[in-house]
Amino acid sequence: MLRRFFSYYRPYKKLFLLDFCCAVLLAILELGFPLAVSYVIDTLLPGGDWGLILTACAVLLVIYVINTFLQFIVTYWGHMLGINIETDMRKKLFDHVQKLSFRFFDNTKTGHLISRLTNDLFEIGEVAHHGPEDMFIAAMTLVGAFGIMAYINLELAVLTFIIVPIIIWLVLYFNGRMTKAVDTLFSHMANFNARVEDTVGGIRVVQAFSNENHERKLFKADNLRFRDAKVYSYKLIGLNSSITYMLMRLVSVFVLIAGTWFVIKGELDYGQFVAFVLLTNIFFKPIEKINAVIESYPKGIAGFKRYVQLMETEPDVADSPGAVAVDRLRGDIRYRDVSFGYEGEAKVLQNIDLTIRAGETIAFVGPSGAGKTTLCSLLPRFYEIEGGSISVDGYDIRDLKLESLRKQIGIVQQDVFLFAGTIRENIVYGKLGASDDDIWAAARRARLEEFILAQPDGLETVVGERGVKLSGGQKQRLAIARMFLKNPPILILDEATSALDTETEAAIQQSLAELSVGRTTLVIAHRLATIKNADRIVVVTENGITEEGRHEELVGAGGVYSRLHHAQFGGR
Ligand code: ADP
Ligand code: MG
């Protein structure tokens, strides 16, 4: 864990060394200050030589200027180190999360991921900067201060040092509790983010049901849980720092009494006494620092643990070692004895055998929940099949590079997801870097051109989050334009027009028909009228594929399809 943590310092070795050296130098100069004071009081003051005293002050001033400079480097460059490490980790985490598979996202809340990428990493960055530096300097200052104190008066030094083991015990005790508290705090914060994400994302539903009060209560509960966790952590911090404070003051008083006694006995000079008191304060500084670590260290550790956990989550679906890239497939698809289930033992699909010839349009119909969408989502390997095989043009899809496989497949779904940008950004998503001519051509073929031209901002029209500013038909056209641009040999239309009114549906069907020309097309349809002309119709039920054939054949066969047909069109 620690090794892994330090591996992130590697690119910033120089920065780390610079920061570290400056911090050490700073600590040394601060340690020297009491000695200088003792020298001035015991040696220079009795002599009354103003020239020497002023020179000593001038030297002191120079040291302070150097200190200021060092302080700047430690604060500025040190934090630079922290933020650089934080940025690197964030980049790695984002890259990694993007590669995770559908299964992961099915079971993960967006708000939790946002928490990982923002708050958690911020805390790691803080520890990355302060952790090693503070610990080392604290240790060094402690030893240094003790050394000088022992040099001045060994007995007094040893007596003062007794506080250290007690403090270390305290730190360990509170650190353990704090680690647990921070863990709770972080998960409450993540829940809290997830709640906001959910409520804001679903605000239209919330308001439509007038359930603001319900959401308010849920939010309030999360908010209070977060508060309680935070209050508890501050209680720990408060307890720890006040106990430490008390111990340190006890030592101060003790040093005053014992010091005075030593002075009266003649074993300590006045200057040495003052130096000792000053040193005690320097001695306390690292203790305060170690104390502050109680707050930041568990946060960084908790954050880093979550980070590592997420980084170690392997994508369920990934390129196999010998995966090949293909340029353009024809679209000969074969499912052989395919079985698949989402969770546990329950299988959604079992022993599926299906052959789809290149260029063919094949339609899937059947009751909702039978597994039509699932069947199609196995083709781009959104989920890994559990048994059997799927091949395209003779390549097992597991032997193809994911990127190159997915380039071959275009999916238009019922609920189109649009990004919160402009029409242009959403169309060009089909082929990043496409020229304006290509974008317009795609828009024309999707019959979106007129709409775009009617907008004052044209292609730069903002579509709103998830495309809320567009109608269902417009969104669907945009998705089709995006697909024309992508131009894949295999097309999956998953109830693409099911949510639209009949008139819009008919219009969009035309665009879809145009889109599917020359492509292997898998259509999932709810309304049978839209698939009458399919080359083949496949009926999927809970028992798998139960019927297969052309429209007329299936209507005549008197099975599930003919029943569906009669239900939708009436008569016999
Ligand atoms: P269809 O498209 O035929 O209506 P689906 O393929 O969407 O059916 O769903 C088939 C079954 O798989 C359903 O019982 C559904 O509840 C389940 N299912 C679908 N998607 C998921 C998922 N991401 N995680 C778990 N179960 C799922
Ligand atoms: Mg479906």
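Since every read-out is calculated from the coordinates, none of them should be taken as a lab result. None of these values were measured; they are calculated from a predicted model. Note that each Cβ is placed from the backbone with ideal geometry, even for glycine, and that neighbours are counted across all protein chains shown.
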(request) Show the residues, 5+ positions off or on another chain, whose built amide H is closer than 5 Å to the amide H of residue 550. (result) 537
(request) For the chain, build the charge dipole from Cβ charges (+1 Lys, Arg; -1 Asp, Glu) around the Cα centre, then report which of 161, 23, 146 sits farthest towards its positive end. (result) 161
(request) Pick out, in residue order, every one of the chymotrypsin sites (Phe, Trp or Tyr not before Pro) in segment 350-426 that is DSSP loop and has at most 14 other C-beta atoms within 10 Å; say none if there are none. (result) 417, 419
(message) For segment 439-572, give me the percentage of DSSP beta bridges that are antiparallel, rounded to the nearest 5 percent.
(response) 50
(message) Please report the antiparallel percentage of DSSP beta bridges with both residues in the chain, rounded to the nearest 5.
(response) 50
(request) Take the Cβ-Cβ distance between residue 254 and residue 107 as r, set R0 to 51 Å, and report the resulting FRET efficiency rounded to the nearest 0.05. (result) 0.30
(message) Taking the Cα centre as origin and putting +1 on Lys and Arg beta-carbons and -1 on Asp and Glu beta-carbons, what dipole magnitude results for segment 322-408, to the nearest 20 debye?
(response) 300
(request) Exposed loop GluC sites (Glu not before Pro) only (DSSP loop, at most 10 other Cβ atoms within 10 Å): please give the longest stretch of the chain free of them, not including the sites. (result) 1-311
(request) Positive end of the charge dipole of the chain (Lys, Arg +1 and Asp, Glu -1 on Cβ, about the Cα centre): tell me which of 104, 517, 433 has its Cα farthest that way. (result) 104
(request) Calculate the spin-label point distance for residue 535 paired with residue 158, positioning each point 7 Å from the Cα along the beta-carbon direction, and give it in nanometres. (result) 9.5
(request) First measure r as the distance between the Cβ atoms of residue 501 and residue 557, then evaluate 1/(1 + (r/R0)^6) with R0 = 41 Å and state the FRET efficiency to the nearest 0.05. (result) 0.80
(message) Residues of segment 282-314 with backbone nitrogen within less than 17 Å of a virtual label 7 Å along the Cα-to-Cβ line of residue 2, please, listed as ranges.
(response) 290, 293-294, 297-302, 304-305
(message) In segment 2-311, if the dipole is taken from +1 on Lys/Arg beta carbons and -1 on Asp/Glu beta carbons about the Cα centre, which of 34, 60, 72 is farthest to the positive end?
(response) 72
(message) How long are the semi-axes of the equivalent ellipsoid of segment 197-309, taking √(5λ) for every eigenvalue λ of the Cα gyration tensor, in whole Å from largest down?
(response) 55, 15, 9
(message) So if I place +1 on the C-beta of Lys and Arg and -1 on the C-beta of Asp and Glu, and nothing else carries charge, what would the dipole magnitude of the chain be about its Cα centre? I want it in debye, nearest 20.
(response) 440
(message) If the only charges are +1 at each Lys and Arg Cβ and -1 at each Asp and Glu Cβ, what is the size of the charge dipole of segment 495-572 around the Cα centre, to the nearest 20 debye?
(response) 180
(message) Which of rounded, prolate or oblate describes segment 406-451 when judged by the alpha-carbon gyration tensor and an a/c cut-off of 1.5?
(response) rounded
(request) With 5 Å bins from zero, work out the P(r) of segment 333-569 over every alpha carbon pair and list the percent per bin. (result) 1, 6, 14, 17, 18, 16, 13, 9, 5, 2, 0
(message) If I model a spin label as a point 7 Å beyond the Cα along the Cα-Cβ vector, how far apart are those points for residue 246 and residue 318 in nm?
(response) 5.3
(message) How long are the semi-axes of the equivalent ellipsoid of segment 2-311, taking √(5λ) for every eigenvalue λ of the Cα gyration tensor, in whole Å from largest down?
(response) 50, 23, 16
(request) Work the Kirkwood hydrodynamic radius out for segment 442-572: mean of 1/r over every pair of different alpha-carbon atoms, inverted, in Å. (result) 16.5
(request) Could you give the C-alpha radius of gyration of the chain expressed as a fraction of 2.2 N^0.38 Å, taking N as the number of residues it contains? (result) 1.44
(message) Quick check: pseudo-label points 7 Å beyond the Cα along Cα→Cβ at residue 168 and residue 45, how many nm apart are they?
(response) 3.6
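When DSSP beta bridges are limited to those with both residues in segment 333-569, what percentage is antiparallel, rounded to the nearest 5?
50
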(request) Just need the Rg to Rh number for segment 303-381, please, alpha carbons only, Kirkwood Rh. (result) 1.08
(request) Arrange 261, 440 by Cβ neighbour counts within 10 Å, fewest through most, would you? (result) 261, 440
(request) Any chance you could run the full-extension gain for residue 54 through residue 180? It's 0.36 nm times the residue separation minus the Cα-Cα distance, nm to one decimal. (result) 39.9 nm
